[in-house]
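Engineer: Below is a structure I'd like to ask you about.
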Amino acid sequence: MSGDSLHTMGQQHGRRSWAEPWKIKMVEPLKITTREQRLAALDEAGWNTFLIKSDDTYIDLLTDSGTSAMSDRQWAGMMLGDESYAGSRNFYHLEAAIQKFYGYKHIVPTHQGRGAEHLISQVMIKAGDHIPGNMYFTTTREHQEMAGGTFHDVIIDEAHDPQAILPFKGNMDLGKIKAIIDQFGADKIPYISLAGTVNMAGGQPVSMANVRAIRELCEPLGIKVMLDATRMVENALFIQEREEGYADKSIAQILLEFCSYTDGAWMSAKKDNLVNIGGWLAVNDWDTFEELRNLVVVFEGLHTYGGLAGRDMEAIAIGIEEAVQDDHVRSRVGQVRYLGELLTEWDIPIVQPIGGHAIFLDAKRFYPHLSQDVYPGQTLAAYLYLDSGIRSMERGIVSAGRDPKTGDHKRPKLELTRLTIPRRVYTQAHMDVVAESVKACFDAREEARGLEMVYEPKYLRFFQARFKPL
Ligand code: PM9
């Protein structure tokens, strides 16, 4: 069939679909288990999806972290790894890619995002400092608290309401930042912790107008603006789609402009940068860079590898360039939307609007008969696994942990179960299977009983806690 007749056919049928901008060169078989096997696996894993073996998992939506499929160019780059201890050429490729696409001056590689969070927190935060941020992230806040800081959530109120429809639900409330400045003084605020597409709020974006306003407020007061750039590329797509003046700008242009309003960034390259391991820190200020460069050799490795192999740095450098291609970002977020729209059509409660990297099931509305004390988000993740072997992650009271001062549970308003879509890994047919399994759990929702926590680790308890069904 000629190109012309294909085109005519599309018009006759009145639809033009989008498709992934890649084809599959290598496949990894998936294992389908029986319900009995899954029940045994759940019992063994203490009803915590983090403790289930991946071999017992069918479609793995635990996280989009380190789970991307790399491209043939990235794999080819791996073969060009320069594994010299010092001055690996791949470091310079990585440095050049970050400078070109994110615009920062000085770069420190780290083994992954939390390695970068550790270093930046130790260098910038003093005991008694206060850090305003747009909703907490688990590892980010842990490092800020371990460095002696107190985190304050300054995201707009609507971000805590899963049903509030706003284009930029990840925005910070400037009034809340001003109140913290008034209460503690600007000298007690080393930086604003600004995340692109806010993970715990459902992957909700921040507008360009908001980052510009934050910059204008903070710069005269000497408060730095530091970006968690982990999913900033996805944030750029929302700006292109929703913010006036950006429809004709490329993702790369939007990313560069956004970063220009910030003083530096930390990055889990395992997400947007399309690799299985890696992270980095980038700052514009030389003195901060010098301190980071001194500290990286203590915790991560020499400042030209930071815990990474040369081949890993090469894969990140190539991944950065692939990640900012408009067709890539559109199809990545498009797949998330496809799943979200199916669930919305079936009246299944999810966080709206649909975010960038995941669908967040609203466990409070899914299981209205379960109180937060019996962990509805964790329960839903367990029942979904039991139904089909699909693995998801709790993002509610278990993830929130305990208040370090009082020891009480932190009780987030959002009690969610996250279906996180790895990049370039699953097809739309997989999304259909996922949606149908969620629907089966929704239809059987009244049968769900909650869980009891029987083992609670001290730090980041959601990773290793164990539960028993009630
Ligand atoms: N995020 C996620 O699944 C990995 C597991 S932690 C539950 O969402 C942000 C916004 C992240 C993030 C990790 C990190 C830490 C920093 N910021 O996992 O250490 O979403 O590379 O990055 C996970 P690393």
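The values are calculated or read from the model by the stated rules, or taken from the named source; none is laboratory data. This one's a predicted model, so the numbers in the text were calculated from it and none came from an experiment. All Cβ positions, even for glycine, are placed from backbone atoms using ideal geometry, and neighbour counts span all protein chains on display. Areas reflect the complete protein model, heavy atoms only, side chains present, ligands, DNA and RNA absent. Shrake-Rupley method; radii C 1.70, N 1.55, O 1.52, S 1.80 Å.
Engineer: Give the residue from 65, 453, 88 lying farthest towards the positive end of the charge dipole for the chain; charges sit on Cβ (+1 for Lys and Arg, -1 for Asp and Glu) and the dipole is referred to the Cα centre.
Structural biologist: The one lying farthest along the dipole's positive direction is 453.
Engineer: While we're here: Below 8 Å, C-alpha to C-alpha, sequence gap of six or more: please give me the relative contact order for the chain in percent.
Structural biologist: Relative CO of the chain lands at 23 percent.
Engineer: Related question: Can you bin segment 170-297 into rounded, prolate or oblate? Criterion: square roots of the alpha carbon gyration tensor eigenvalues sorted a ≥ b ≥ c, rounded for a/c under 1.5, prolate for a/b above b/c, oblate for the rest.
Structural biologist: oblate
Engineer: Using the heavy atoms of the protein chains and a 1.4 angstrom probe, tell me the accessible area per residue for the chain in square angstrom.
Structural biologist: Value for the chain: 42 Å² per residue.
Engineer: Over 20 Å between C-alpha atoms is what I'm after, so list which of 176/224; 169/439; 178/224; 271/439; 176/413; 178/249 land there.
Structural biologist: Table pairs above 20 Å Cα-Cα are 169/439; 271/439; 178/249.
Engineer: Hey, what did segment 86-233 get for relative contact order, percent, Cα under 8 Å, at least 6 apart?
Structural biologist: 21
Engineer: Let me ask something else. So if I place +1 on the C-beta of Lys and Arg and -1 on the C-beta of Asp and Glu, and nothing else carries charge, what would the dipole magnitude of the chain be about its Cα centre? I want it in debye, nearest 20.
Structural biologist: Taking the Cα centre of the chain as origin, the dipole is about 360 debye.
Engineer: A follow-up question, please. Applying a 10 Å radius around every beta-carbon, put 158-168, 321-331 in order of their mean neighbour count, most first.
Structural biologist: Highest-to-lowest ranking by the protection proxy: 321-331, 158-168.
Engineer: By its C-alpha gyration tensor, with a ≥ b ≥ c as the square roots of the eigenvalues, how is segment 128-187 shaped: rounded for a/c under 1.5, else prolate for a/b larger than b/c, else oblate?
Structural biologist: Judged from the Cα gyration tensor, segment 128-187 comes out oblate (a/c at least 1.5, b/c at or above a/b).
Engineer: Under the rule a/c < 1.5 gives rounded, and otherwise a/b versus b/c splits prolate from oblate, where does segment 311-470 land using the Cα gyration tensor?
Structural biologist: Oblate is the answer for segment 311-470, as a/c is 1.5 or above yet b/c matches or exceeds a/b.
Engineer: Pull up the cross-link candidates among the lysines for residue 410, meaning alpha carbon to alpha carbon under 18 Å and not fewer than 8 places away within one chain.
Structural biologist: Once the sequence-local lysines are set aside, what remains near residue 410 is 364, 458.
Engineer: Find which of 34, 331, 437 sits farthest along the positive direction of the dipole of the chain, computed with +1 on the beta-carbon of Lys and Arg, -1 on that of Asp and Glu, about the Cα centre.
Structural biologist: Positive-most Cα among the choices belongs to 34.
Engineer: Here is a follow-up. Could you compute the FRET efficiency for residue 455 and residue 302, with r as their C-beta to C-beta distance and R0 at 25 Å, rounded to 0.05?
Structural biologist: Calculated transfer efficiency: 0.05.
Engineer: Another one. Leaving out ligands, DNA and RNA, and with a 1.4 Å probe, what % of the accessible surface on the chain is carbon or sulfur?
Structural biologist: 51
Engineer: While we're looking at this one, here's another question. Could you state the number of Å between the C-alpha centres of segment 90-137 and segment 406-423?
Structural biologist: 24
Engineer: Also, I was wondering about something else. In nanometres, what is the gap between the two model label sites at residue 37 and residue 408, each 7 Å from Cα along Cα-to-Cβ?
Structural biologist: 4.5
Engineer: Under a point-charge model restricted to the Cβ atoms of Lys and Arg (+1) and Asp and Glu (-1), what is the dipole moment magnitude of segment 325-415 relative to its Cα centre, in debye to the nearest 20?
Structural biologist: For this selection, approximately 340 debye.
Engineer: Another question, then. Taking the Cβ of residue 82 as the centre, find all other residues whose Cβ is under 15 Å away and add up their charges (Lys, Arg: +1; Asp, Glu: -1).
Structural biologist: For residues surrounding residue 82, the net value is -2.
Engineer: Which value at 222 nm does the chain reach when only helices count, each DSSP H run of 4 or more adding -39,500 (n - 2.57), with the total divided by all residues and rounded to the nearest 500 deg cm²/dmol?
Structural biologist: Rounded to the nearest 500, the figure is -12500 deg cm²/dmol.
Engineer: Find how much the distance from residue 219 to residue 183 grows on full extension, using 0.36 nm per residue of separation minus their present alpha carbon separation; answer in nm with one decimal.
Structural biologist: Here the answer is 11.1 nm.
Engineer: Same structure, new question: Using +1 on the beta carbon of Lys and Arg, -1 on that of Asp and Glu, and nothing else charged, what's the dipole of segment 318-470 about the Cα centre, debye to 20?
Structural biologist: In debye, rounded to 20, segment 318-470 gives about 660.
Engineer: Would you mind pulling out the separation of the Cα centroids of segment 334-378 and segment 265-305, in Å?
Structural biologist: After rounding, the separation between the Cα centres reads 34 Å.
Engineer: Something else about it: log₁₀ I(q)/I(0) of the chain at q = 0.10 Å⁻¹, via Debye over equal Cα point scatterers, no solvent, to two decimals?
Structural biologist: -0.74
Engineer: Also, quick follow-up: Restricting to the chain, compute how many DSSP beta bridges are antiparallel as a %, nearest 5.
Structural biologist: 65
Engineer: Rounded to the nearest 0.05, what FRET efficiency is calculated for residue 325 and residue 54 with R0 set to 30 Å and r the Cβ-Cβ distance?
Structural biologist: Once rounded, the FRET efficiency stands at 0.55.
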